[in-house]
Amino acid sequence: MANVAMTSATAVTGQQRGRHGQRPGKPMAGRSGDDLAVYAYFNMRSVASMIASICTNKVRRRKKRKLSTWTVSRFVSQAIHLIHAGLNPELKAPRTHETAGGYGCSAADVERRWREFMDELQKKIDVDDPTELCAWVEYQVRFDIHPFADGTGRLATALCAWIMLRSKRAIPSYAFWQRSSMHEKLREGFPAFREYYLKACFEEAQEATASTHPPRAAARAQVAAA
């Protein structure tokens, strides 16, 4: 899951636009430059460890147990806590500023939209195809709602990794993920983003694995069919 952190501009560049940048009102992280990038990256490693622990426990002890609302809420709460560890605590509060570039709902609607998303996720998580659910989660969290001041994209990818692993499926690969294309497709709407996301994060990664590691690809296919 190390590549999940690399989907974040904060983790890659150590830059965060805020009160002195393009998004007035956004709280600053309290760190800057390489220091911020290191925190963002290693905080996501902590999230990855949490997800691995949760999913290993579920596979061993709780096969096919339907997740309760508490479990989904607890995951989101813990992920947000780890994503922002060592950073300005204001960053994990619901967003109160308007975003740039068409991202997110109105700040006044954030808390309501986030509650609705959590309720809908609870309904979908044991019903929908995991890959399709991941596309929906990425779009809703990263673009349509954008619920938090910072780390929203990292939360979206953490949720998707959890969704896939709890289904005993390979997590999305971001090796073929291009931020410029992602932003473009998000603004085109969910159908365009869904097509891009499924191809970039699942299909191309599977094709690359099949061409470079045929035995590994065959083993994954057997697990998925089981």
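Name the residue that is surrounded by the fewest Cβ atoms within 10 Å (Cβ to Cβ), counting only residues in region 166-184 that are part of a loop (DSSP other than H, G, I, E, B) and of a type in the set (A, V, I, L, M, F, W, C).
Here the answer is Ala175.
Being among the basic types (Lys, Arg) and modelled with pLDDT of 80 or more is true for just one of Arg17, Arg95. Which residue is that?
After ruling out the rest, the residue left standing is Arg95.
Could you go through region 104-116 and let me know if any residue there is of a type outside the set (Phe, Trp, Tyr), surrounded by 15 or more Cβ atoms within 10 Å (Cβ to Cβ) and either within 13 Å of the chain's Cα centre (by Cα) or within 20 Å of Arg74 (Cα to Cα) (or both).
Yes.
Take the conditions of a type outside the set (A, V, I, L, M), under 20 Å from Arg74 (Cα atoms), assigned to a helix (DSSP H, G or I) and out of contact with any helix residue (DSSP H, G or I) (no Cβ under 9 Å at 6 or more places or on another chain) and apply them to Lys123. Does it pass?
Here the answer is yes, as Lys123 does meet what is asked.
Taking Ile80 and the conditions (1) within 24 Å of Ala40 (Cα to Cα); (2) modelled with pLDDT of 95 or more, which numbered condition does it fall short on, given that it satisfies the others?
(2)
The values are calculated or read from the model by the stated rules, or taken from the named source; none is laboratory data. Keep in mind it's a predicted model, so treat the numbers as computed, not measured. No Cβ is skipped: glycine too gets one built from the backbone with ideal geometry, and neighbour counts run over all protein chains shown.
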